[in-house]
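First up is the structure itself, then whatever we jot down about it.
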């Protein structure tokens, strides 16, 4: 398979798989909210937040590094696989113990939340092994295999959980199924991993491990910071205000996290392209970043407008009653999506241009800002305060990125940028007016008509061009050297 066809195939597979994952998972979230109520939903969301944080600690951010190194040295795959497992397995056990100590004795969660969180700790071992396996498979460009396992694991987990919830089972059963399906995914990967390893290496190479850890720490620290950044609000709400407030906030944030996952799936496919372009064609690299920024903002505006003006209808359809207070939280939180889209273009441009240390510092400062604002505002305004803190923090994050990126990496024509921004704003305002006029219609009718009008307006005022469409196609059809 030539380079262009391979990239296109891999990109489509991973984008579909990662796009399906949040959609399928969201179905389970809806059922938990409807069947078990807002308080139990708060317990579930808090436990998941803790497990995501300690999962990154357990895997030490090795997946990206394994992928990079295996891609360069495929003949050393056994060494990378076995030695990474010697790192990941002990770290996962340590991370599980630390998590239990943290929730039981340091922050002293309520008994039910602590029990669920500690039980989830049994999934850390499987998650760490999966990180190593997926790093190796990605290094061999076996993206289709990763995509298949993503889809199978999530469909099995969500399908069983939804069935059991409707049969009257409680949250504990959902957690057990989550753990079991993590190990099920490990089993699914074993045949593919076995095909890539020609010889069995049992004993660790301690020099290799020391060198590997020395390189991996910057990836690990960045991933830990990013994960804490996106979960600290729920953790603080649960601790300071209780499970009900955490459930109300989580109900709104789930929509935003779903959108964030879709944005990330775009960059999973696009990042390798801009990384190569930075090395070979700097002008095309800059153009790629500009175009991806344009497309993401164009897509983010209608989503933000729809979820702001139709938040009440959206919550009624998805969660039913009991989450009315979440509506205002969603109205605030959804405005994260536009600056987040900008921040990800800048972040991946930094990584592609070997400025990962600057990216690390920006993420660390953004975490400090988010943590301080969350603590200050949650104490006085609970879940609404957390939403405001998150919104302010993402603008601070973009504000720190922008001067460095514009000076050193991406050179924008500021006049043209201003014109395009104004045209997109016109489309957004027309969309707002139309939604207000059609408020008597059902949700799906409003969404369809307003979105069609929005994109039609952008086409008529020439936001899109033939060059834009051709460029986008060329990025997906990466040229061979």
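Peptides 115-124, 257-266, 242-251, 137-146 ranked from most to least packed give 242-251, 115-124, 137-146, 257-266, packing being the mean of other C-beta atoms within 10 angstrom over each peptide's residues.
What does the C-alpha gyration tensor say about the overall shape of region 1-204? Classify as rounded when a/c is under 1.5, otherwise prolate if a/b is larger than b/c, or oblate. Because a/c hits 1.5 or more and a/b fails to exceed b/c, region 1-204 counts as oblate. Sorted on the mean count of surrounding Cβ atoms within 10 Å across their residues, most packed first, peptides 328-341, 172-185 read 328-341, 172-185. The computed mean projected area of the Cα convex hull in nm² for the structure shown corresponds, within (i) 28.7; (ii) 23.0; (iii) 34.7, to (ii).
Using the average count of surrounding beta-carbon atoms within 10 Å as a protection proxy, the listed peptides 48-55, 418-425 rank, highest first, as 48-55, 418-425.
Each value in this text was obtained by applying a stated rule to the coordinates, not by laboratory testing. These numbers come from a predicted model, not from an experiment. So basically every Cβ, Gly included, is an ideal-geometry build from the backbone, and we count neighbours across all protein chains shown.
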